[in-house]
Amino acid sequence: MVRLQTLGELRLGGEGSPALSSRRKELMLLTYLARRSPRPLSRAQAAALLWEDRDERRSRQSLRQAVLELRRLVGEGLGTDTDQIWLDPDTVELDAALFEREVDGGRWEEAVERWKGDFLAGAEDVGGEELRTWLEAERESLRRRLRTVLGGLVNRAQELGAWREGIGWAERWLSELPLDQQAHLQLLKLLHLDGRTGEALARDAAFRVQLEAAGLTVSPELAQLAQVLGRAESATQRPRATSAVLLSPDLVGRGLPLAELDDAWNGALQGTGSVVVVEGELGIGKTRLCEEFARGLAARSERPSLYTAHARQDLAPEDFAVVRRLAGGLAGAAGLPGAPAPALAALAQIAPAIRERFPTLPPAEGTLASVAEALREAVAAVAEDSPTLLFVDDLPQADPASRTALLALAQHVPARCLLLFTARTGPEEPQLALRSDARLRRLKLQPLARPEVELLLGSILELPPDERHQLATRLHQQGGGNPFYIVELVSALADEGTLAPTERGAWRLTATGDRLPLPTSIRAVIGRRVARLSPQGRSVLEAAAILALPFDRELLAEVAGESPVAVEAGLEELMLHRLIREAELPGRYQFAHELVRRHVAQTVPVARAEATSQRAVAALERRAGHDPTAGAALAQHRARLRAPGA
């Protein structure tokens, strides 16, 4: 078997063999055949690939010489006839193919070790345009695999808290793909987590020079992280307070949603009207994301018009309460005089500031029903003068009149205007009836990953790196990546003394147990979600909470003492309310947040909890012989039943 090194310069043999120049075209043809194997290649196409600059007679003659040369090299593995050339798959071994197999097989370190550079580096001058197009496609395919491997190695190091190892992989990533912003982003995170924030900022400055020289712009995700690091470094430079404090958390892990919002705003600058709905569970950071985006716009040179209203139902019980807040802000807009007088008069019914600015307005004609059209005309006039952002938080919670008016505005959004709404997800939440079209985007915010939880934790307080990693892991496991839960848990840890201040104004962990406190604020949030369940759903949820391990439907039915049909219906309800989710093991389920399980378990009446535990012991005893997870859970339930006052 002939071995070809194709990652890096083309070489016949392994690493250390000389690079080839005189036989490069022949070996390029061999490589092409090997990558396409087992499909034959027509002689006409082969001649055009490598000798495009020659006439047909000379190119075919060069091909015949190349085929003779290759047959001396590979023997009968190279097949030919009057029209085609082909290669036996076992004739040539390409390091690129080995690299792909190592990647697919999870042998990532071996794959990275095999990588010596771009596929057929320096071969751009060989052959014609078709060959160069194929070559670039092959290169990009292999680069994507390299990114996947190095990204996986970096993430694995982050999960283990092995910052130095992760930094090494991120640096290798950048050495192979010097302008890869994702690689640079990961390097900055790891340097920061390793306590080298100043070095991270210095590297970021150098990287931005490279991007600028290449005509590239900084991604929103990278820009967001740089702001986080800049604030962190500034905090270390300030004189330290005599007592430790919990700082306001930074916005982390939201670079991609910010990029989507930036893209929508760029459309507004170019004359397009659009609507973005940011969705997610309570506490996931919808409002914070939108407010940070709006603050960023306010600092830009295009001087946008920004108008904000919060639409929580308890703050807006009367008709048009939310529209009144928006109209009050529009009253001072430079472009508002361009709106028709009847529209201004209609809005003035609910926003006195408009009539104060335009005292000669005629009396309003019609009823408040005309407010929706008046709002659209006023926003259109303001946006014509200046690109405009209208942000309404929790739109589904708004008073019905405001909601109707704003949804009508969304169906006919004016040019140069971006409507930004937030909405909670869940079957118990009001839904937005928006028609799907090219102007509507829905952004679903996901929970933070564990490394992002660590960045968030680092922005709240200063801990030694090993303690910060340990605490971030616990926070992610029990808080499920929800920023609200995480911040509230940190505050509760400080209140109860598990996090204690040091003499130098930092913090330290005083206990290393797995259980985190359940703050009153989190209990209230979870309690409201559980209170919406049907009695059947609540019964199934309590059984799952007492069971306290990933379960299947059959086990849950035994522990709940309910029929399979009732448990099936209860599980569907719990999954619909996002209290239960599918576990990694097929056919099993677990709590979406460990905090939810603990809250529910603590609220089950004692007699009911004891009876449920007894059923759990009986069910687990039947499974202990063939289910490894059942044995440990069985011991816990027996101990609970024996404990005094359990």
Item checked: Sole exception among (1) under 23 Å from Phe484 (Cβ atoms); (2) touching a residue at least 40 places away in the same chain (Cβ under 8 Å) for Leu222, by number -> (1)
Check: Among the residues of the stretch 530-551, is any at pLDDT below 90, open to solvent by 70 Å² or more (accessible area, probe 1.4 Å), over 29 Å from Ala635 (Cα atoms) and of a type outside the set (Ser, Thr, Tyr)?
Finding: yes
Check: Any idea which of Gly195, Gly215, Gly230 is part of a helix (DSSP H, G or I) and of a type outside the set (A, V, I, L, M)?
Finding: Gly230
Margin query: Residues that are open to solvent by less than 50 Å² (accessible area, probe 1.4 Å) and within 18 Å of Lys25 (Cα to Cα): list the helices (runs of 4 or more DSSP H) wholly contained in the stretch 53-132 that include at least 2 such residues.
Written below: 56-74
Check: Out of curiosity, is Thr388 of a type in the set (S, T, N, Q) and either under 30 Å from Arg300 (Cα atoms) or in contact with a strand residue (DSSP E or B) (Cβ under 8 Å, 6 or more places away or on another chain) (or both)?
Finding: yes
Next item on the list: Among the residues of the stretch 279-298, count how many are farther than 15 Å from Gly481 by Cβ and touching a Pro at 6+ places or on another chain (Cβ under 6 Å).
Entry: 1
Item checked: From Ala611, Ala607, Ala601, residue being aliphatic (A, V, I, L, M), open to solvent by 20 Å² or more (accessible area, probe 1.4 Å), under 23 Å from Val525 (Cα atoms) and at pLDDT 85 or above -> Ala601
Next item on the list: All but one of (1) modelled with pLDDT of 85 or more; (2) buried (at least 16 other Cβ atoms within 10 Å of the Cβ) hold for Leu41, so report the exception by its number.
Entry: (1)
Check: If Ala492 passes every condition in (1) open to solvent by 10 Å² or more (accessible area, probe 1.4 Å); (2) under 30 Å from Leu418 (Cβ atoms); (3) among the hydrophobic types (A, V, I, L, M, F, W, C) but one, which one does it miss?
Finding: (2)
Margin query: Please pick out the residue among Glu233, Glu281 that is over 27 Å from Pro464 (Cα atoms) and modelled with pLDDT under 90.
Written below: Glu281
Checklist line | Criterion (touching a residue at least 40 places away in the same chain (Cβ under 8 Å) and within 26 Å of the chain's Cα centre (by Cα)) met by exactly one of Leu211, Leu193, Leu131 | finding: Leu193
Checklist line | All positions within the stretch 557-598 that are over 13 Å from Leu541 (Cβ atoms), open to solvent by less than 50 Å² (accessible area, probe 1.4 Å) and touching a helix residue (DSSP H, G or I) at 6+ places or on another chain (Cβ under 7 Å) | finding: Ala557, Leu595
Check: Out of Val453, Val413, which single residue is of a type outside the set (Asp, Glu) and assigned to a helix (DSSP H, G or I)?
Finding: Val453
Next item on the list: Would you check if Leu434 is open to solvent by less than 20 Å² (accessible area, probe 1.4 Å) and among the aliphatic types (A, V, I, L, M)?
Entry: no
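A quick yes/no check of all residues on (1) at pLDDT below 90; (2) touching a strand residue (DSSP E or B) at 6+ places or on another chain (Cβ under 8 Å); (3) farther than 21 Å from Ala601 by Cα; (4) of a type outside the set (A, V, I, L, M, F, W, C):
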{"residue": "Glu452", "(1), (2), (3), (4)": "no, no, yes, yes"}
{"residue": "Asp466", "(1), (2), (3), (4)": "yes, no, yes, yes"}
{"residue": "Ala472", "(1), (2), (3), (4)": "no, no, yes, no"}
{"residue": "Gly480", "(1), (2), (3), (4)": "yes, no, no, yes"}
{"residue": "Ser491", "(1), (2), (3), (4)": "yes, no, yes, yes"}
{"residue": "Gly505", "(1), (2), (3), (4)": "yes, no, yes, yes"}
Item checked: Residues within the stretch 339-352 that are surrounded by 16 or more Cβ atoms within 10 Å (Cβ to Cβ) and not in a helix (DSSP H, G or I), tallied -> 4
Margin query: For the stretch 447-459, give me each residue that is open to solvent by 10 Å² or more (accessible area, probe 1.4 Å) and under 11 Å from Pro249 (Cβ atoms).
Written below: Gly458, Ser459
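Hey, among Glu554, Glu462, which residue is in a helix (DSSP H, G or I) and either free of Cβ contacts under 8 Å to residues at least 24 places away in the same chain or open to solvent by 20 Å² or more (accessible area, probe 1.4 Å) (or both)?
Being in a helix (DSSP H, G or I) and either free of Cβ contacts under 8 Å to residues at least 24 places away in the same chain or open to solvent by 20 Å² or more (accessible area, probe 1.4 Å) (or both) holds for just one of Glu554, Glu462, which is Glu554.
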Next item on the list: State which residue is least open to solvent (accessible area, probe 1.4 Å) when the search covers only the stretch 353-393 and only residues that are modelled with pLDDT under 90 and within 29 Å of Thr287 (Cβ to Cβ).
Entry: Val371
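The values are calculated or read from the model by the stated rules, or taken from the named source; none is laboratory data. Nothing here was measured: the structure is a model prediction, and the numbers come from that model. Cβ atoms come from the backbone with ideal geometry, glycine included; neighbour counts cover every protein chain shown. Remember, those area values only see protein heavy atoms, side chains included, never the ligands or the DNA or RNA. Shrake-Rupley method; radii C 1.70, N 1.55, O 1.52, S 1.80 Å.
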